[in-house]
Amino acid sequence: MESKKARESLSVTSVHVLPNDTNNHGTFFGGKLMMYVDNIAAIAATRHSRSLVVTASIDSVDFLQPIYAGSSVCLEAFVTWSHNTSMEVFVKIIDENLRTGARQLCTTCFLTFVAIGDNGRPVPVPKVSPESEEEQLLFGSAEKRYLSRRARRQETKKFTKNLTLKKPWE
């Protein structure tokens, strides 16, 4: 399978933050932003794999700057690295004050997607060829993040074995 350039998966969207999109602090609901993050990342993963994809994990999201009503949020996503059937997608969230044009980076995050074939099973995905300085930086540190996620997943599996599934009122 031939590798693909990271920029081939680039996906960009903008959202106008309206008052009903905000919490009682007047800032963008984190959960609503995460919905947009997952959506744009899925588009990037689908462009890279040209197959159906499912979200396997979302790394930590640290909100660095608040996003207020009236601003525009630009989400940029692209595949930074791939393993056999999985892809790491980087998402950058930039807030723009529409009145002044001032832009600031609000957060970044990584998501992992798995490509799924028509039979519902994982399928191989192309390798990633980074070109730009940013793509090379992210590609160069991706395997370390992959190994960290894999270890975290194993810990989660161990931890959840001890959880009960009883109804809370029982």
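Some points to look at:
- Flag for Val123 being more than 17 Å from the chain's Cα centre (by Cα) and within 20 Å of Glu2 (Cβ to Cβ): yes
- Total residues in region 123-151, condition outside any helix (DSSP H, G or I), surrounded by 14 or more Cβ atoms within 10 Å (Cβ to Cβ) and small (Gly, Ala, Ser): 1
- Residue in region 86-103 that is surrounded by the most Cβ atoms within 10 Å (Cβ to Cβ), counting only those that are within 10 Å of the chain's Cα centre (by Cα) and either not in a strand (DSSP E or B) or not aliphatic (A, V, I, L, M) (or both): Glu88
- Among (1) within 30 Å of Pro19 (Cα to Cα); (2) touching a residue at least 40 places away in the same chain (Cβ under 8 Å), the one test that Pro130 misses: (1)
- Some residue of region 104-122 being over 21 Å from Phe28 (Cα atoms), touching a Ser or Thr at 6+ places or on another chain (Cβ under 6 Å), surrounded by fewer than 22 Cβ atoms within 10 Å (Cβ to Cβ) and not β-branched (Val, Ile, Thr): yes
- If you go through region 58-97 and keep only what is closer than 27 Å to Ile116 by Cα and modelled with pLDDT under 95, you end up with Asp59, Ser60, Val61.
- Residues that are within 22 Å of Arg150 (Cβ to Cβ), surrounded by 19 or more Cβ atoms within 10 Å (Cβ to Cβ) and of a type in the set (S, T, N, Q) within region 61-84 comprise Thr80, Ser82, listed in sequence order.
- Looking across region 62-85, the residues that are over 18 Å from Ser11 (Cβ atoms) and either part of a strand (DSSP E or B) or of a type in the set (A, V, I, L, M) (or both) come down to Leu64, Ile67, Tyr68, Ala69.
- Answer residue from region 135-170, given it is touching a strand residue (DSSP E or B) at 6+ places or on another chain (Cβ under 9 Å) and acidic (Asp, Glu) and is farthest from Glu8 (Cα to Cα) among those: Glu143
- Unique match (being more than 13 Å from the chain's Cα centre (by Cα) and of a type in the set (A, V, I, L, M, F, W, C)) among Val15, Val53, Val37: Val15
- Residue match in region 152-162 (condition: basic (Lys, Arg), in a loop (DSSP other than H, G, I, E, B) and within 17 Å of Lys5 (Cα to Cα)): no
- Unmet criterion (only one of (1) assigned to a helix (DSSP H, G or I); (2) in contact with a Leu (Cβ under 7 Å, 6 or more places away or on another chain)) for Gly31: (2)
- Residue in region 39-55 that is in contact with a Gly (Cβ under 7 Å, 6 or more places away or on another chain), at pLDDT below 95 and surrounded by 13 or more Cβ atoms within 10 Å (Cβ to Cβ) present: no
The values are calculated or read from the model by the stated rules, or taken from the named source; none is laboratory data. Computed from a predicted structure; not experimentally measured. Here Cβ is always computed from backbone atoms with ideal geometry, including for glycine, and neighbour counts include all displayed protein chains.
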